[in-house]
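After the structure tokens below, expect a handful of questions from me.
The values are calculated or read from the model by the stated rules, or taken from the named source; none is laboratory data. Not measured: the values here are computed from a predicted model. When we count neighbours, we look across all protein chains shown, and the Cβ atoms used for this are built from the backbone with ideal geometry, even at glycine. Only protein heavy atoms, including side chains, enter the accessible area calculation; ligands, DNA and RNA are left aside. Shrake-Rupley method; radii C 1.70, N 1.55, O 1.52, S 1.80 Å.
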Amino acid sequence: MHDSSASAPAAPVLYEEKLRPSPWIWLIAVMISSLSILVFVPIGVEIGLIAAVVVFAIIALLLTVSTPKIVVTERTLQVGRAGIERQHVGLVTGYRGDDATHQRGPALHGLAFMCLRGWIDPVVRIQIDDLRDRTPYWLTSTRNPEQLAEVLGGTMAREADAEDHPGAAA
């Protein structure tokens, strides 16, 4: 059987980002793993040190394996495990600060797909225009909301507000 995807050229990547843990997350991982020393010190200091290394290795593995990736090509959008054809992408808006917090909280729709990481504040909201999909939009963390929104043909929230209300202060 012939695999047509093997001969098809790969679409060029327009945007790519891995939502890696921030340095302070790694510091917390070190602190948690070092607490395991206290648990095992009554058995032996060496056992406690080994336990700390093992606990850190497990945390590091989990953080690394669960790191989602955002990939935008001319035809597709991939956010973590979810993927969609770009023809189904509607309005795209990036948010920072209080606006991002509002999107992750009070403004959040119960059916929205979320790829959020607590260590990354900015988010981008990507409307889904596919009648077969009940998901109204995707909300994803990103360190570069301006860049991601621009690649998808969208804007930042403040820019969108200024366009909707000419003369309003941004």
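Over the range 1-132, what is the relative contact order in whole percent, taking alpha-carbon pairs under 8 Å and six or more residues apart?
Answer for the range 1-132 is 24 percent.
Then there is this: Which whole-Hz couplings ³J(HN,Hα) result when phi for each residue of the range 81-93 is put into the Karplus expression 6.51 cos²θ - 1.76 cosθ + 1.60, θ = phi - 60°, listed in order with x for Gly and Pro?
Rounded to whole hertz, the list is 7, 8, x, 8, 6, 4, 5, 9, 8, x, 4, 10, 9.
Met156's amide H: which non-local residues (gap 5+, or another chain) put their own amide H closer than 5 Å, with H modeled 1.01 Å from N in plane and none for Pro or chain starts?
Close amide H contacts, sequence-distant or interchain: Gly94.
How much length would be gained if the chain were fully extended between Ile50 and Asp121, taking 0.36 nm per residue of separation minus their Cα-Cα distance, in nm to one decimal?
So the chain would gain 22.1 nm between Ile50 and Asp121.
Another question, if that's okay. From the square roots a ≥ b ≥ c of the eigenvalues of the alpha-carbon gyration tensor of the chain, which class results: rounded (a/c under 1.5), prolate (a/b over b/c), or oblate?
Judged from the Cα gyration tensor, the chain comes out oblate (a/c at least 1.5, b/c at or above a/b).
Ignoring any ligand, DNA or RNA, what whole percent of the accessible area of the chain comes from carbon and sulfur when the probe is 1.4 angstrom?
Using a 1.4 Å probe with all protein chains present, the chain comes out at 61 percent carbon and sulfur.
Are there any helices in the chain, counted as whole DSSP H runs, that stretch 24 Å or more along their axis by Cα and score at least 1.6 on average by Kyte-Doolittle, and if so which?
In the chain, the long hydrophobic H runs are 23-40, 45-65.
Which of Thr155, Leu49, Val123 sits closest to the plus end of the dipole of the chain, meaning its Cα is farthest towards the positive end, when Lys and Arg get +1 and Asp and Glu get -1 on the C-beta?
Going by the Cα projections, it comes out as Leu49.
In square angstrom, what is the accessible area per residue of the chain with a 1.4 angstrom probe?
Dividing the accessible area of the chain by its residue count gives 63 Å².
Let me ask something additional. May I ask you to derive the relative contact order of the range 76-134, considering only C-alpha pairs under 8 Å and at least 6 residues apart, and to give it as an integer percent?
Computed value for the range 76-134: 44 percent relative contact order.
Within the range 114-137, list the residues whose amide N lies under 13 Å from a label point set 7 Å along Cα→Cβ of Ala82.
Residues passing the 13 Å test: 114-117, 124-130, 133-137.
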